[in-house]
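Coordinate-derived values only; no laboratory data. Only a predicted model underlies this, so the values are computations on that prediction, with no experimental measurement involved. Neighbour counts are summed over all protein chains in view; Cβ atoms, including those assigned to glycine, are modelled from backbone coordinates with ideal geometry.
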Number of protein chains: 2
Amino acid sequence: MLALTILGNNSAVPAFGRNPTAQILQTLEESYLIDCGEGTQMQMARYKIRRSKISRIFISHLHGDHYFGLTGLLTSMSLLGRTQELHVYAPKELEEIISKQFEVAAAKLSYNLIFHAITTEGLLADDKTITVSAFKVKHRIECWGFLFKEKKKLRNIDIERVKAYEIPSSFYSKLQQGEDYINKKGTIIPNEEVTHSGVAPKSYAYCADTVYYESNIDNVKGVDLLYHEATYLQAHTERAIAHFHSTTVQAATIAQKAEVKKLLIGHFSSKYETLDEFVKEASAVFTNTELAIEGMCYKI
Amino acid sequence: MLALTILGNNSAVPAFGRNPTAQILQTLEESYLIDCGEGTQMQMARYKIRRSKISRIFISHLHGDHYFGLTGLLTSMSLLGRTQELHVYAPKELEEIISKQFEVAAAKLSYNLIFHAITTEGLLADDKTITVSAFKVKHRIECWGFLFKEKKKLRNIDIERVKAYEIPSSFYSKLQQGEDYINKKGTIIPNEEVTHSGVAPKSYAYCADTVYYESNIDNVKGVDLLYHEATYLQAHTERAIAHFHSTTVQAATIAQKAEVKKLLIGHFSSKYETLDEFVKEASAVFTNTELAIEGMCYKI
């Protein structure tokens, strides 16, 4: 199970009560923060997201609307007495900025902060139930997309059948992982005879900020949920190109070509007070599109 | 006329819907921002404070809850096309942090940002109707208080009397500034004969963050409004001392000894959900005390 909560859905200048980018992806085991615009810790309080649950933070790029809330959040975690280590993944220059901010504050964190500079595409984190990897998107400055993939789920044991085959319970965890059983007589009991497949592993891809960029298609191929920025409506395509952003139609085209299951659009420009047109335009190209709305939780 | 609007009244960790420190001081001519905690630009939007009106920003010290909203605000001003120059006064290390944040974002501001490192006590700004000066308060790191003083107001002309003395209107502006008039016969018409004193100039002093520090008394002597931090209730005096903060009673004692007209207390610790006790404790020592409440405008 993956669940995505939107904490900020606006582009650079906060407007109409909308906040800069931040999202929380939760698994049964972990809580990840994706980007951390100004005010993210206040948004977390508003939507009952516990700061203490976050184990890893991923920052896509160093435009302020994607990280100006970070050092405040890291400081609050310390003031609240966090002891669990915390991993931050971001373009390398961020480490210097954070360090300087802690230095001038004469701050000493209560926990171990481990900074990982993102320098190449590929695996960033390998947790119990999920892997996280980075891929390049195309923006005015270096910018990374993130792919969260659940690991293959354990198979479900058919209790009637394992008993019928007299398989000892000490072998159950191996059955869950797909192994066949060989009994005392040397007979192979195929795994499929005594287990059912579990729920299919889910995946989530995050693409912000990016111009329309066809390399993204391969990187997000077939995911269950794709978040793709759609800063502008189609009428402002030239502006989108000039600012290395995407339109509704471009985001939906990526979703369609990548054959994802569902598309979520966000990072709306402060030009627009209402968002109805965004979902209308994108849905015309890719039907299963939703707006990223602050406070909403999207089950994957 | 001076008017102070509170944008944030909480200490480091935002809590109970309260935000980190920021205040707007407005004169008829200017708008000053005092400290700029995370989310200040959102608070400005909430309380209809126009970003474009601000001409000078004063940052007391480099704990994040007093400046983490600054670079976001500066960026938004640029994205909204500001052309008017902007002055920022702060401890010198802030310049390096801001510069680095703009550098990694490949940002170029639309306006001229003039950074003034605060290094000694004394005059910071001399505007048409007001002067701003800095004084040292005592905190865990270098921290500055700010004193805003209206200049001597122009005297009001008594129209009946200037006509009776046949004083030409070309001399009126000199009368307003307090000069005597000498008529053609060489007779001196004393200024007091033909003018009334204007409204007394007002003053506002800002003391945050600071431990109880008696030097503050001289620095804020007799001001019309004193803002003094009161992070803790009296029961937590030891904690206040340990963290270089003040209690309600200490803030009120400074107000009383400095013989100020009115005291405003704020920077409340996240330990406290309600604030009634704060005003109760402080008022017992200095009667004319009010809580700094977000969104409230205090006329001086």
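Taken along its three principal axes, the alpha carbon spread of the protein assembly as shown comes to 132, 58, 35 Å, from the longest extent down to the shortest.
Note on residue A:47 and residue B:177: with the Förster distance fixed at 60 Å, the Cβ-Cβ geometry gives a FRET efficiency of about 0.55.
DSSP beta bridges confined to chain B are antiparallel in about 55 percent of cases. Using a 10 Å Cβ count of at most 15 others and DSSP loop calls, identify the longest part of chain B lacking such GluC sites (Glu not before Pro). Result for the longest clean stretch: B:30-84. Around the Cα centre of chain A, unit charges on the Cβ atoms of Lys, Arg, Asp and Glu (plus for the first two, minus for the last two) sum to a dipole of about 700 debye. Using 19 Å as the cut-off for backbone N distance, which residues of the range B:205-237 belong to the label zone defined by a point 7 Å from the Cα of residue B:259 along Cα→Cβ? Under cut-off, by backbone N: B:205, B:214-227. Couplings 3J(HN,Hα) for the range B:205-215, derived from phi with the Karplus relation 6.51 cos²θ - 1.76 cosθ + 1.60 (θ = phi - 60°), are 10, 10, 10, 7, 8, 7, 6, 4, 8, 5, 4 Hz, where x marks Gly and Pro.
Summary for residue A:163: label point 7 Å along Cα→Cβ; distances to the equivalent points in the other copies, ascending, 11.2 nm. Tell me the angle of helix A:70-79 to the major Cα principal axis of chain A, expressed in degrees between 0 and 90 and rounded to the nearest ten. Orientation of helix A:70-79: about 60 degrees from the principal axis.
The residue among A:190, A:240, A:263 whose Cα reaches farthest toward the positive pole of the charge dipole of the range A:153-270, with charges on the beta-carbon of Lys, Arg, Asp and Glu, is A:190.
Pull up the cross-link candidates among the aspartates and glutamates for residue A:153, meaning alpha carbon to alpha carbon under 20 Å and not fewer than 8 places away within one chain. Correct list for residue A:153: A:29, A:30, A:126, A:127, A:179, A:180, A:192, A:193, A:224. Under a 5 Å amide H cut-off, with hydrogens placed 1.01 Å from N, residue B:298 pairs with B:4, B:5, B:6 among residues at least 5 apart or on other chains.
Karplus-based coupling profile of the range A:254-268, in residue order and whole Hz: 4, 4, 5, 5, 8, 6, 7, 7, 8, 10, 10, 10, x, 6, 5, with θ = phi - 60° in 6.51 cos²θ - 1.76 cosθ + 1.60 and x standing for Gly or Pro.
The distance between label points at residue A:273 and residue B:126 comes to 4.6 nm (points 7 Å beyond Cα on the Cα→Cβ vector). Summing Lys and Arg as +1 and Asp and Glu as -1 over all other residues whose Cβ lies under 14 Å from the Cβ of residue A:126 gives a net charge of +1. Count Lys and Arg as plus one, Asp and Glu as minus one, and take only other residues whose Cβ is under 12 Å from that of residue A:176; the net charge is then +2.
In order along the range B:27-44, phi translates into HN-Hα couplings of 10, 5, 9, 10, 9, 10, 9, 10, 6, 7, x, 3, x, 4, 5, 5, 5, 5 Hz, rounded to whole numbers, per the Karplus curve 6.51 cos²θ - 1.76 cosθ + 1.60 with θ = phi - 60° and x for Gly and Pro. Of the cross-linked pairs B:92/B:136; A:163/A:184; B:108/B:128, those separated by over 22 Å at the C-alpha level are B:108/B:128. Per-residue shielding of B:97-107, expressed as the average number of other chain Cβ atoms within 10 Å of the residue Cβ, stands at 6. For chain B, what class follows from the C-alpha gyration tensor (a ≥ b ≥ c being the square roots of its eigenvalues): rounded when a/c is under 1.5, otherwise prolate if a/b is larger than b/c, else oblate? In terms of gyration-tensor shape, oblate. What sits nearest the axis between copies A and B, counting only chain A Cβ atoms, is the residue and whole-Å distance A:39, 2.
Near residue B:124, the amide H atoms lying under 5 Å from its own belong to B:132, B:133, B:134; only residues 5 or more places off or on other chains count, and H is placed 1.01 Å from N. Classify the range B:122-185 as rounded, prolate or oblate, taking a ≥ b ≥ c as the square roots of the eigenvalues of its Cα gyration tensor: rounded when a/c is under 1.5, otherwise prolate if a/b is larger than b/c and oblate if not. Prolate is the answer for the range B:122-185, as a/c is 1.5 or above and a/b outweighs b/c.
In degrees, nearest 10, range 0 to 90: what is the angle between the Cα axis of helix B:93-104 and the longest Cα principal axis of chain B? Between the helix axis and the principal axis of chain B, the angle is about 70 degrees. Pairs with C-alpha atoms separated by more than 18 Å, drawn from the list B:149/B:221; B:53/B:261; A:48/A:151; A:261/A:299; B:152/B:174; A:149/A:262, are B:53/B:261; A:48/A:151. Maximal additional length on extending the residue A:79-residue A:196 stretch stands at 37.4 nm, based on 0.36 nm per residue less the C-alpha distance.
Within chain A, the longest run free of exposed loop sites, counting trypsin sites (Lys or Arg not before Pro) that sit outside DSSP helix and strand states (H, G, I, E, B) and have at most 10 other Cβ atoms within 10 Å, spans A:186-300. With its label point defined 7 Å out from Cα along the Cα-to-Cβ axis, residue A:257 lies at 7.1 nm from the matching points of the other copies, in increasing order. Each 10 Å bin, from zero up to the one with the longest distance, holds this percent of the alpha carbon pairs of the range B:1-150: 11, 43, 38, 8, 0.
Panel values: the range B:172-277, Kirkwood radius from alpha carbon pairs, Stokes-Einstein at 37 °C and 0.692 mPa s, translational diffusion coefficient 198 µm²/s. What FRET efficiency do you get for residue B:161 and residue B:284 if R0 is 60 Å and r is their Cβ-Cβ distance, rounded to the nearest 0.05? With a Förster radius of 60 Å, E is 0.75. Under a 5 Å amide H cut-off, with hydrogens placed 1.01 Å from N, residue B:140 pairs with nothing among residues at least 5 apart or on other chains.
Which net charge results when you count Lys and Arg as +1 and Asp and Glu as -1 among the other residues whose beta-carbon is under 13 Å from that of residue B:161? Combined, the nearby Lys, Arg, Asp and Glu give -3.
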